[in-house]
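Okay, structure first, notes after.
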Amino acid sequence: MVTNNQTTKTISLDAYGIKNAKINYQLSSEELHNKTLEKGQGKLASSGALAVNTGEFTGRSPKDRFIVKDDVTRDKVWWGNINIPFPTDKFDKLYDKVTSYLSEKEVFVRDSYACADEKYKLNIRVITEHPWSNMFAHNMFLRPTEEELQGFDPEWLIVNAPDFKADPAVDGTRQHNFAILNFTKKIALIGGTGYTGEIKKGIFSALNFILPVDKNTMPMHCSANVGDNGETAIFFGLSGTGKTTLSADPERKLIGDDEHGWTAENTIFNFEGGCYAKVINLSQENEPDIYNAIKPGAILENVIMNEKGEVDFEDTSITQNTRVSYPIYHIENIQVPSIGENPKNIFFLTADAFGVLPPISKLTPGQAAYHFISGYTAKVAGTEEGINEPTPSFSACFGAPFMPLHPTKYAEMLSKKMKDAGVNVWLINTGWTGGPYGVGSRMKLKYTRAMITAALDGKLKDVAFEKHPIFGLQVPQSCENVPSEVLNPKGTWKNQKAYDIQANELAASFKENFAKFEEYANDEILSGAPIAG
Ligand code: ATP
Ligand code: MN
């Protein structure tokens, strides 16, 4: 296992316009950890992990994420308030400003790559202002061997300058922070924000363009793991729905926790080399794998610690979006390399804050496509700026903020691959039961895990199913290790009438949201819509 990448190699940044910088190239985790402590930018946790504060931003800022509009992107990107266009000349000027800002400074450079499958490997050079941002890149991207490093040819460049502030009036940004992708120059330019998630999601967005356009590969915002029988499962879902939590299953080998590609050769591969888990309310008992991954090499973000360095995972005084990043080998049971076969089961995870959707249901191919395009969840507070309480949200492909192309492009690819693979598709509500947020409670993690295990073990094949009268989904009526009353959401509500009203309202908002996709959808997909509402 490559843990450190200390190297004899030296590099120059002159070609990037970064002059006379004190370059720290390819430091080890330990060195970056110590540098962070020396600069007073972090603290040592009792677990041995590094704890940092990311500053003003503790989540991504989707309104400040731009794509340079030029010949490469003009006709391909689905422009709008998700993929916001940025002019080429403004990009060039801002790039020059950021690189001259970094000149004369101490900077940290890391060469790494994305995509665990050799054939799809994307070499990345990351230049950061702060040591801990560099350590994040070290955790999240894949690590070249010393030999690969000697001949390393960086294809994409990430420039990360959290303390640089843009001047919107001059620079063309919305405010002082920005994350801009330039597909022609192959640069992700990030400034004004220290939130590390921008680094990984920048490359994810780039791959979500490159892979389908150039490599006939379906990029997915999902986690993945594989059972002893070699069967792969993938878990789609928006932030906070349980991708990381549910893929860390001691009985199965983890392939990856957030971003994967599904190739034309019917394999899936992880884009990343690490995990980025939420730690709000984390406990060793409920999530032992993640808890035990917090050790030297890991970076805790925005957590509160006592004077002994013990973290209070319940303390959300900085943000609800407290996180830890760690290299994937901090998890015990992993697949090496991070590649799996055609999935046998696909789970769509949703955290329904209205307590309406069944905790597990089986989808027809039409429903699978419909729900994939809809991408429903209720946003959980904190991962994005400005979301302070659960809000219903539809995000196409369970990841619209990272998808540069029109959602139907991804949906078509997925539908075809799902059919070819003959995969089972399940909708899992990891959200509320017994009533909406405020009245009911979050589905117990152990029940969700039991439902997923039953589906994976084929134990739901022969049980009785009932069709949900409003959503038309097939709901199993019994499931090992789950009380059967939990399986039917209506029965968990005190007020049955209130359930019907709420369920119809949610069904109606599905339909309202889907209206913009109707012209692209065939009869099969339309047959997946809710029955009522
Ligand atoms: P992101 O895309 O932001 O990384 P994610 O999909 O990986 O999000 P997780 O990090 O797994 O989401 O977050 C799920 C959170 O919900 C965790 O804090 C987990 O402890 C909590 N949780 C509570 N109940 C459940 C449940 N029944 N199933 C899954 N997660 C649950
Ligand atoms: Mn995650």
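Counting Lys and Arg as +1 and Asp and Glu as -1 over every other residue whose Cβ lies under 10 Å from the Cβ of residue 51, the net charge comes to 0. Applied to the range 134-143, the Karplus parametrisation 6.51 cos²θ - 1.76 cosθ + 1.60 on θ = phi - 60° returns per-residue 3J(HN,Hα) values of 5, 5, 4, 4, 4, 5, 8, 8, 8, 10 Hz, with x for Gly and Pro.
In percent, what relative contact order does the chain have, based on Cα pairs under 8 Å that are 6 or more apart in sequence?
14
The GluC sites (Glu not before Pro) found in the range 252-334 that occupy coil by DSSP, while having at most 12 further C-beta atoms within 10 Å, are 265, 285, 307, 310, 314.
Label-to-label distance, residue 284 versus residue 145, with points set 7 angstrom from Cα along the beta-carbon direction: 3.7 nm.
Here the range 390-533 was treated as a single set of alpha-carbon atoms; its pair distances binned every 5 Å from 0 give 2, 8, 14, 19, 20, 18, 13, 6, 1 percent. Calculate I(q)/I(0) for the chain by the Debye formula, one identical point scatterer on each C-alpha and no solvent, and give its log10 at q = 0.07, 0.11, 0.13 Å⁻¹ to two decimals. Those come out to -0.37, -0.95, -1.33, one per q. The 3J(HN,Hα) values that the Karplus relation (6.51, -1.76, 1.60; θ = phi - 60°) gives for the range 302-311 are, in residue order, 6, 9, 9, 10, 7, 5, 8, x, 8, 7 Hz. Gly and Pro appear as x. Relative contact order of the range 275-330: 49 percent, from C-alpha pairs under 8 Å at least 6 residues apart in sequence. For residue 84 paired with residue 336, estimate the spin-label separation in nm (one decimal), with each label point 7 Å from Cα along the Cα-to-Cβ line. A separation of 4.3 nm, rounded to one decimal place.
Can you check what the net charge comes to around residue 111, using other residues whose Cβ is under 10 Å from the Cβ of residue 111 (Lys, Arg +1; Asp, Glu -1)?
Around residue 111, the charge tally is +2.
When the residues 364, 350, 8 are ordered by accessible surface, computed with a 1.4 Å probe over the protein chains alone, the sequence from largest down reads 8, 364, 350. In straight-distance terms, cross-link reach from residue 253 covers every one of the lysines whose alpha-carbon lies under 16 Å from its own, apart from those fewer than eight places away in the same chain; here that gives 243, 344. Within the chain, DSSP assigns beta bridges of which about 60% are antiparallel (rounded to the nearest 5).
The mean sequence separation of alpha-carbon pairs under 8 Å and at least six residues apart, normalised by the residue count of the range 1-110, gives a relative contact order of 40 percent. Across all Cα atoms of the range 44-197, the radius of gyration (one decimal) and Dmax (whole number) stand at 16.2, 52 Å. Once the Cβ-Cβ distance of residue 22 and residue 176 is raised to the sixth power relative to R0 = 30 Å, the FRET efficiency obtained is 0.75.
Hey, what's the Kirkwood Rh for the range 91-160 if you take every pair of different alpha carbons, in angstrom?
Evaluated over the range 91-160, this radius sits at 13.0 Å.
Helix 496-514 and the long axis of the chain differ in direction by around 50°, with both axes built from C-alpha atoms. Centre-to-centre, using Cα atoms only, the range 53-115 and the range 443-487 are separated by 43 Å. Counting only heavy atoms of the protein chains and using a 1.4 Å probe, residue 140 has close to 0 Å² of accessible surface.
Size of the range 275-330: Rg and Dmax of its alpha carbons, in Å, are 10.6, 30. Just so you know, the Cα atoms of the range 239-381 work out to an Rg and Dmax of 16.8, 55 Å.
The values are calculated or read from the model by the stated rules, or taken from the named source; none is laboratory data. The structure presented is a predicted model; accordingly, all values stated were derived computationally and were not measured. For neighbour counting, all protein chains shown are included, and Cβ atoms are generated from backbone atoms with ideal geometry for every residue, glycine included. Side chains included, ligands, DNA and RNA excluded: accessible areas come from the protein's heavy atoms. Shrake-Rupley method; radii C 1.70, N 1.55, O 1.52, S 1.80 Å.
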